[in-house]
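Below you'll find the structure, written out as structure tokens, and then a few comments.
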Amino acid sequence: MPGVSREQIERAKAVPILDYRLSREGDNFKRVGNAYYRRDTDRNSLEVSNNLWNWHSHGVVGDIVDYLA
């Protein structure tokens, strides 16, 4: 990533994505088993589990750096 150091990327990856998402949209997430799910207004399902996110309807999966990029 241009303008971002390897150290900054590694520090960002150390942040649990679930903590990050819940701090911003905790009331939009529902726990189901070991995963948390959020419904977007256009009914696209976003799952957060095992420090990864998965946007099922778009077939996109990634870590916190991918999510913020």
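Please treat every number below as a calculation from the coordinates, not as lab data. Being a predicted model, the structure only gives us computed values, none of them experimental. Because the Cβ atoms are built from the backbone with ideal geometry, glycine has one as well, and the counts that use them run over all protein chains shown.
Brief remarks on what is shown
- Using a cutoff of 8 angstrom between alpha carbon atoms and counting only pairs six or more residues apart, the relative contact order for the chain works out to 25 percent.
- J(HN,Hα) series, the stretch 19-32, from Karplus relation 6.51 cos²θ - 1.76 cosθ + 1.60, nearest Hz, glycine and proline x: 4, 4, 5, 5, 5, 9, 9, x, 6, 9, 10, 10, 7, 9
- Per residue of the chain, the DSSP helices (runs of n ≥ 4 H) give a summed -39500 (n - 2.57) that works out to -8000 deg cm²/dmol at 222 nm.
- Burial ordering of Val65, Val4, fewest other beta-carbon atoms within 10 Å first: Val4, Val65
- Under the Karplus curve 6.51 cos²θ - 1.76 cosθ + 1.60, θ = phi - 60°, whole-Hz ³J(HN,Hα) for the stretch 55-69, x wherever Gly or Pro sits: 9, 3, 5, 10, x, 10, 10, x, 9, 5, 5, 4, 5, 7, 6
- For the pair Ser57 and Ser23, the difference between a 0.36 nm per residue extended length and the Cα-Cα distance amounts to 9.9 nm.
- Distant-in-sequence amide H partners of Val15 (H built 1.01 Å from N, under 5 Å): none
- Per-selection Rg to Rh, the chain - Cα, Kirkwood hydrodynamic radius: 1.00
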